């Protein structure tokens, strides 16, 4: 029970601190879940985001479910998920009556002009950190470059990139292992 | 039973919207057309609001629509119940799918094909996050197009980059510290003007 509460409260904390959509959650997750709690590694975070891209639902929620499940089974997955949505539920319900005026307030607009710049920098730092664990040789560097360029320049579905990368990974690992045995 | 219908509509959205929060938008427009629970312009407002409140955008939208729809049936408490029902509807399919994938991965963790797949997936995932970051860059630095470029924004970004990576006493601070500091800077310098 204690662990479920800890999952709920940690993910509620992550939910409150996530400004600007699911990807803005990554730097917060790295700090709270990887560094402070040790519930997942950088590599696992990259795995969860990849799976979240091609499964139904909100990526932030999928990541919470994964980590909760790994930590304390099915109940853990549900506790973490409820945690991540809880702040939205409270904040939106409180603001609902005045919500459209809220986003028109001058100070709110000014604050978010600053926050958006900060979120860019934090996502850049998070990608850098993630890259050190996921781009480990020239093959993975190639996959990274192809997918990043493809996702920026084209409208191809993330599902296609995920399938492409998984197939490349299996083929490359099989060939690399064979090469190793041959030498 | 409005709550059952709310749950079902958002359950379908959660099941079919693949690729993150914004992927829920077309489904929400469809709900609006079929049920009349909320208007297109309320939905457009919500996109703006989601960007200025914490939390994942998909979840915020479900909560807001649930609150509006429940609230029409009878006041604040009904609104909160509607918000909870819609949100739980949205996340239920992904909980089920992720729990299944997670069980599968645990079982095949040492399978060399699964390992090979993740060897390729990790750099791809990093690349896709970088690509999503590029969209955020556009919204942050050019909110009103190229002609309204404000040089103070890249200066703020450079300062933040230095503080989070180079300056010893600040680089270990929690990310939320920088978010709040940037909000304060935004208000003081009137950055959206």
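Side notes on the structure shown:
- 13 Å reach of a label modelled at residue B:149, 7 Å along Cα-to-Cβ, counting backbone N of the stretch A:116-143: none
- Put in line by how crowded their Cβ is, counting other Cβ atoms within 10 Å and starting with the fewest, A:39, A:107 read A:107, A:39.
- Residue A:102-residue B:111 pseudo-label distance in nm [points 7 Å out on the Cα-to-Cβ vector]: 4.4 nm
- Were the residues from residue B:48 through residue B:4 laid out at 0.36 nm apart, the gain over their Cα-Cα distance would be 13.1 nm.
- Among B:63, A:154, B:92, sorting on how many other beta-carbon atoms sit within 10 Å of each Cβ, with the fewest leading, yields A:154, B:92, B:63.
- Only Cα pairs under 8 Å and 6+ residues apart enter the sum, and on that basis the relative contact order of chain B stands at 16 percent.
- Dimensions of chain A from C-alpha coordinates, computed as largest minus smallest value along each principal axis and given longest first, are 68, 43, 27 Å.
- Debye-sum result for the stretch B:71-120 in log10 I(q)/I(0), which assumes one identical scatterer on each alpha carbon, at q = 0.21, 0.31 Å⁻¹: -0.77, -1.02
- Each part gets one Cα centre, and for the stretch A:56-72 versus the stretch B:146-181 those centres are 30 Å apart.
- Taking every Cα-Cα distance in the stretch A:50-130 and sorting them into 10 Å bins starting at zero, the pair-distance distribution P(r) comes out as 16, 27, 37, 19, 1 percent.
- Volume of the Cα convex hull of chain B, divided per residue and given in Å³: 185 Å³
- Mean separation of Cα contacts under 8 Å (6+ apart) over length of chain A, as relative contact order %: 25 percent
- This ranking places B:128, B:100 by how few other beta-carbon atoms lie within 10 Å of each, fewest first, which gives B:100, B:128.
- Extension gain for residue A:160 to residue A:136 (0.36 nm times residue separation, less C-alpha to C-alpha distance): 6.4 nm.
- In the protein assembly as shown, the C-alpha radius of gyration followed by the widest Cα-Cα span (Dmax) gives 20.7, 74 angstrom.
Each reported figure results from applying straightforward, stated rules to the coordinates on display, with no laboratory input. Please read these numbers as outputs of a predicted model, since none were measured by experiment. Glycine gets a Cβ as well: all are built from the backbone with ideal geometry, and neighbour counts include every protein chain shown.
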